[in-house]
Amino acid sequence: MSGIQILGLAAGTITSITFLPQVIKIWQTKSAKDLSLAMLGLLMLGVSMWLAYGILIMDAAIIYTNSMVLVMSFIMLFFKLKYK
């Protein structure tokens with residue numbers, strides 16, 4: 001694995017975990033009222049497109065990062081719908 005790949009994966013990991021505190025807070029408080037449904041929808045659309053792009057060019061860092069963000073986005077969407 002090259003240094004460039006390690007850099008990309010490290011950056012992707014940091015970017016992905018930025019959503020973790022929000023997911024944890026929603027889960028702990030059982031409240032997602034301040035979370036914008038429009039923002040989640042746009043985020044999921046953009047991340048899905050980045051994931052498709054990463055798959056098409058076979059870039060592990062892009063695939064990894066956007067897969068993680070998409071999972072976190074789905075969790076937040078689930079909580080948003082569950083804890084209206």
Exercise for the section: May I ask you to list the residues in segment 54-81 that are of a type in the set (A, V, I, L, M), part of a helix (DSSP H, G or I) and over 15 Å from residue 20 (Cα atoms)? Expected result: 55, 56, 57, 60, 61, 62, 63, 81
Exercise for the section: Give the number of residues within segment 4-33 that are in contact (Cβ under 8 Å) with a residue 40 or more places away in the chain, assigned to a loop (DSSP other than H, G, I, E, B) and under 21 Å from residue 48 (Cβ atoms). Expected result: 2
Exercise for the section: Confirm whether residue 64 is of a type outside the set (D, E, K, R) and touching a residue at least 24 places away in the same chain (Cβ under 8 Å). Expected result: yes
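Read-outs: derived from the displayed coordinates by stated rules, not from any lab. Bear in mind that the values here come from a model prediction, so they are computed numbers and not experimental data. Every residue, glycine among them, receives a Cβ derived from its backbone with ideal geometry; neighbour counts consider all protein chains shown.
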